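What follows is a single structure, written as structure tokens, with notes after it.
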Amino acid sequence: MSQRTCLSVILAAGEGTRMKSAMPKVLHPIAGLPMVAHVVKAAEAAGSNDLALVIGHGAEQMRKAVQKFAPKAETFVQDKRLGTAHAVLAARDAIARGYDDILVMFGDTPLIDPEALRVERGKLAGGAAVVVIGFRPPNPAGYGRLIEKDGRLVAIREEKDCSEEEKKITFCNAGMMAVAGKHALALLDNVGINNAKGEFYLTDIVEIAGAQGLDVVATEASFESALGINNRAELAEAEGMWQARRRREAMLSGTTLIAPETVYFSYDTEIGADTVVEPNVWFGPGVKIAKGAKIHAFSHIEGATIASNCDVGPFARLRPGADLRQKAKVGNFCEVKQATIEEGAKVNHLTYIGDARVGAAANIGAGTITCNYDGYSKFFTDIGEGAFIGSNSSLVAPVTIGKGGYIASGSVITESVPDDALAFGRARQKTLPGKGRELRERFASAAAAKKKAAE
Ligand code: UD1
Ligand code: MG
């Protein structure tokens, strides 16, 4: 099959007004990735060589978004919404280049299973001209019904055009279709308008192919993989299904999730075996976690790399560019951004480390802040191997703390500190014996005098 060439045509010209959004429907994300990009990934996983995206509403916004998740895809504008066959024909120039397999998918069906597409392609390779993916939804209302005769698919009838008898059929059209490239244009050009909605229906090619004596086949996929999104409630439903699938996959590949239903993954989260994730953890895009790490409860992590045996949280925030090397620790109420925390270094309590390097085995005391921003530009803080930063220190960047440097608690460090030096950046303490009692007596008699005067 791999030698067969394949074009995927993804229809995404839907209006999507039920999302009540300024953004085109298919750009609404699932697991941090636009839903149409999930469809693109499925197409690629099924061995698609080229992609044609048919867009309409919000064409400019769509083109920009497509650049990010499918830079090689061609976009075609369907200017009038005249039906699914008309939409596929918007990509005529791509189809006409000649492919063995043409896959048609909908941009609003993000949980589509690549395996179902591979099965379709297998049927084309076996000589079928048209392959339709069927499914059995709990409630078939609104879906096209697959009309079979003697075990062969003879037509797809939309709900509005169905007889009462046909409406009882529970085997429905999931929407995805595969067409042999050599027949595709001839079949599509034969589609006319003969339905209640007055549209050019892609589904009509089933009857057209049958009439020409071509082989038409139905396969079956899960309900999930055909779920179409029309509003934000369905979006959340699809998100839930996606997350459930991903959590299970993570657990089966060796990650412990103590309360899986409270952990949220992104489309690209990578997580190694023997890593333990405690409840209520959020992974934004771009997270890579190696083996044996511990992610404690309520941590929010995005764009971060976490090496093996690191310890993160509880309540840690790792932002883009956080790079934790082996056995590094980032503890409670700490934020790390664009910074490397080298092997075995500890950033344990209430600290902000941004635009910095923390050398191996360095210890960052509670409440330490890298002052990396002056309101206009960002500056770098370099903390050497084995340095000790006393609690509640401010490191005003750009600044370097040398290897083994020692910073006294409560310091404001504005000048670089050489290797093994001790730096104080605070006023010296003064202690006056007996002065505390004296002060207390003075304040007490003043308050008593004031009370007496008021009587
Ligand atoms: C379609 C199928 C139906 C199937 C159902 C599954 C047809 C005629 N019907 O019905 O058999 O059970 O999907 O969800 O194919 N689109 C365009 N341009 C158009 C029309 C549609 O790009 O002119 C796109 C839409 O954005 C959408 C997809 O095609 O992504 C399907 O269109 P939609 O109107 O939702 O079709 P359904 O009535 O759901
Ligand atoms: Mg639909």
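On inspection, residue 32 does not qualify as in contact with a Leu (Cβ under 8 Å, 6 or more places away or on another chain), on the phi > 0 side of the Ramachandran plot and surrounded by 16 or more Cβ atoms within 10 Å (Cβ to Cβ).
In a residue-by-residue description of segment 418-427, the property of being open to solvent by 80 Å² or more (accessible area, probe 1.4 Å) and of a type in the set (Lys, Arg) applies to at least one position. Here the condition is being away from ligand 1 (no atom under 14 Å from the Cβ) and not in a strand (DSSP E or B); of 199, 234, 165, it holds for 165 alone. Listed here are the strands (runs of 3 or more DSSP E) enclosed by segment 279-376 that have at least 1 residues being within 24 Å of residue 253 (Cβ to Cβ), open to solvent by less than 50 Å² (accessible area, probe 1.4 Å) and acidic (Asp, Glu): 322-324. Residue 165: within 15 Å of ligand 2 (Cβ to nearest atom) and either under 26 Å from residue 28 (Cα atoms) or of a type in the set (Asp, Glu) (or both), yes or no? So residue 165 fails the test. Taking the criterion of being in contact (Cβ under 8 Å) with a residue 24 or more places away in the chain, among the aliphatic types (A, V, I, L, M) and away from ligand 2 (no atom under 16 Å from the Cβ), the residues of segment 171-192 that qualify are 178, 179, 180, 184, 185, 187, 188, 191. Being closer than 23 Å to residue 102 by Cα, away from ligand 1 (no atom under 14 Å from the Cβ), modelled with pLDDT of 95 or more and under 32 Å from the mean Cα position of the chain (by Cα) is a condition met by at least one residue of segment 131-138. Applying a threshold of 7 Å to beta carbon distances and a minimum spacing of six or more residues, or different chains, the list of pairs starting in segment 43-55 at a residue that is closer than 10 Å to residue 74 by Cβ and in contact (Cβ under 8 Å) with a residue 40 or more places away in the chain and ending at one that is open to solvent by 10 Å² or more (accessible area, probe 1.4 Å) and hydroxyl-bearing (Ser, Thr, Tyr) reads 53/75. Within segment 1-25, which residues are aliphatic (A, V, I, L, M), away from ligand 2 (no atom under 16 Å from the Cβ) and open to solvent by 10 Å² or more (accessible area, probe 1.4 Å)? Within segment 1-25, 1, 22, 23 meet the criteria. Counting only helices (runs of 4 or more DSSP H) wholly contained in segment 53-151, the ones carrying 1 or more residues that are within 16 Å of ligand 2 (Cβ to nearest atom) occupy 84-89. Here residue 156 meets the list (1) more than 16 Å from ligand 2 (Cβ to nearest atom); (2) touching a strand residue (DSSP E or B) at 6+ places or on another chain (Cβ under 9 Å); (3) open to solvent by less than 50 Å² (accessible area, probe 1.4 Å); (4) not in a helix (DSSP H, G or I) almost entirely, failing just condition (1). Could you check segment 181-224 and list, in sequence order, the residues that are polar (S, T, N, Q), closer than 19 Å to residue 123 by Cα and open to solvent by less than 60 Å² (accessible area, probe 1.4 Å)? Result: 203, 219.
In segment 125-145, the residues that are in the same structural domain as residue 174 (by TED's automatic domain parsing) reach residues that are within 16 Å of ligand 2 (Cβ to nearest atom) and hydroxyl-bearing (Ser, Thr, Tyr) with C-beta atoms within less than 6 angstrom, at least six apart or across chains, in these pairs: 144/203.
The values are calculated or read from the model by the stated rules, or taken from the named source; none is laboratory data. What you are looking at is a predicted structure, and each value in this text was computed from that prediction instead of being measured. So basically every Cβ, Gly included, is an ideal-geometry build from the backbone, and we count neighbours across all protein chains shown. Ligands, DNA and RNA are stripped out before the accessible areas are found, and what is left, the full protein with its side chains, is counted by its heavy atoms. Shrake-Rupley method; radii C 1.70, N 1.55, O 1.52, S 1.80 Å.
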